[in-house]
1. Given the whole protein assembly as supplied and a 1.4 Å probe, what does the accessible area of Asp323 come to in Å², nearest 10?
2. Along the charge dipole of the stretch 42-151, Cβ charges K/R +1 and D/E -1, which of Ile90, Ser121, Leu43 sits furthest on the positive end?
3. Between the stretch 197-216 and the stretch 326-382, how many Å separate their Cα centres?
4. Counting only protein heavy atoms and a 1.4 Å probe, tell me what percentage of the stretch 336-375's accessible area is made up of carbon and sulfur.
5. Using Cα-Cα distances under 8 Å and only pairs 6 or more residues apart, what relative contact order does the chain have, in percent?
6. Round to the nearest 10 and report in Å² the accessible area of Met44, as given by a 1.4 Å probe over the protein chains' heavy atoms.
7. Do me a favour and compute the ellipsoid semi-axes for the stretch 101-189 from its Cα gyration tensor, root of five times each eigenvalue, largest one first, whole Å.
8. Compute the Kirkwood hydrodynamic radius of the chain, taking the inverse of the mean of 1/r over all pairs of distinct Cα atoms, and give it in Å to one decimal.
Amino acid sequence: MGALFSPSSSTGKWLGFVTAVWVQAISGNNYTFSNYSDALKSLMGLTQLQLNNLSVAKDIGKAFGIFAGLASDRLPTPFILLIGSIEGFIGYGVQWLIVSQKIKPLPYWQMCIFLCMGGNSTTWMNTAVLVTCIRNFSKNRGPVSGILKGYVGLSTAIFTDVCSALFSDSPSSFLLMLAVIPFLVCLTSMIFLREVDPAANAADEKEEARYFSIFNAVAVIIAVYLLVFDVSGKHGPAVSKAFAIVLLLMLAAPLGVPIYIYLKMKSVNNCNSDIEGIQGQISQPLLIQENPIQEEEEQQQQQQQVVIEREIKKKRRPTIGEDHTIVEALWTLDFWILFVSFLCGVGTGLAVMNNMGQMGLALGYVDVSIFVSLMSIWGFFGRIGSGSVSEYFIKKSATPRPLWNAASQILMTVGYIVMALALPGSLYIGSIVVGICYGVRIAVSVPMASELFGLKYYGLIYNILILNLPLGSFLFSGLLAGLLYDSQATKTAGGGNTCIGAHCYRLVFVMMAFACIVGFGLDILLVFRTKGVYSRIQMSKKLRKVAKEPEAI
């Protein structure tokens, strides 16, 4: 039994993926700032610019994710998860002490440090999970990215709805959940998540795809369940508790996959034991190895050929689609096109997430948690849908992944224009559209980086790419939204300020729509520059499929 559940076994591999899903389901705490930002603003007497800079501090934590990227190539996965869990426990734990008024508000600069720690904790969790799983399931990178990043998107709604159901939207209870639950989940994942060998042939790849479809189905059911809870209005204590229990059972449902694999492997092992017993009675071998000297010579020739190919690669700069070091990746135009287009999408999306609390209040909404949940849930659909769809079209027609990013940029532009008009219900429409597009951007760019620059240094390249999160937060949320809001706001008695009306964020939305148009142009350029890469990927998938067919005859 121990061998069946070891991390290197098929059962252990999928059990590790289940725990990775759980880690992602609680690692989106970086997107929940709007749920408790108003409490921090009133307790500390902050202006909107100061509050936005606090949100930037949490996103700056992502900038230090480069250390997680460096560590991913040198340290085992459990150690990386441990660092992230401890850092998050401290960062959000201190915020809980302040919002619950167990201690007095700390000086502003100290608050920035603890928010930065909370933000940085997720980079360790995400790096451990994404790098390990994409390497373990390298033949199905799109679905892996879509599922894992989809659960990150859902995590905001999971935290928000559970807190609403059990604690009546208490900001202090919400922060306590952010501190404790990720810590406990990461400790669990440390036991099972390890880096193992990927699928060896087309049959294993196809079997992986079938299992991923189960994970997708469970995730969609959870998303719909959360959406129904959000749009069905207020609920009584009994219904709310029942909702939380059913949600936990749904999150545990993916365990069915490794359990099924365990039972299947156990049955196969029993059959093999019977066959070995029969074969042990045969005294003479049925097959005689022919010409071992010739086989040894062929192996030596193959090894020499591999050495020659490696030497050739060392003498030239890698082309797009091959393994790049971080320096080699930074010297390519394709990396910077991807980097800037990613900035236009995620930077503007983060500005909406960080300011959703004030955006809702400006338009007259008392409870803004519904908008936070809508962005989270529809962000999930964008992530999980784009991961699987983009993978399907690579196999079918070699469609470059950047095309889906380009489509999301145009749709996001429409969303910002709708919110700028401030028509009735525009914030509902805008939050849904921005959530979907932000999700697409995240889920598509993650496997794309590995396809364009290789898996060897993927952990570091991924963390360089997500420097866009703190940079985008600073540019679009800290500077653009903060300064323009304060220019329209009136001061309050406590030293802060407030703004009511559609004019508060109109110019912010217009400028972010323009940024998305720029991102669209860059994505289209990347489509043309990467067509060859995706043609080769499609061809390699076809060759693996053809190589498998004679075995099935």
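The values are calculated or read from the model by the stated rules, or taken from the named source; none is laboratory data. Here the structure is a predicted model, which is why all the values come from computation and not from measurement. Positions of Cβ are backbone-derived with ideal geometry, glycine not excepted, and every protein chain shown enters the neighbour counts. Please note that ligands, DNA and RNA were not included when accessible areas were found on the heavy atoms of the full protein model with its side chains. Shrake-Rupley method; radii C 1.70, N 1.55, O 1.52, S 1.80 Å.
1. Result for Asp323: roughly 80 Å² accessible.
2. Going by the Cα projections, it comes out as Ser121.
3. Using only Cα atoms, the two centres lie 31 Å from each other.
4. 77
5. 25
6. Taking all protein chains as shown, Met44 has close to 40 Å².
7. 30, 18, 11
8. On the way: mean 1/r = 0.0404 Å⁻¹.
Hydrodynamic radius (Kirkwood, Cα only) of the chain equals 24.7 Å.
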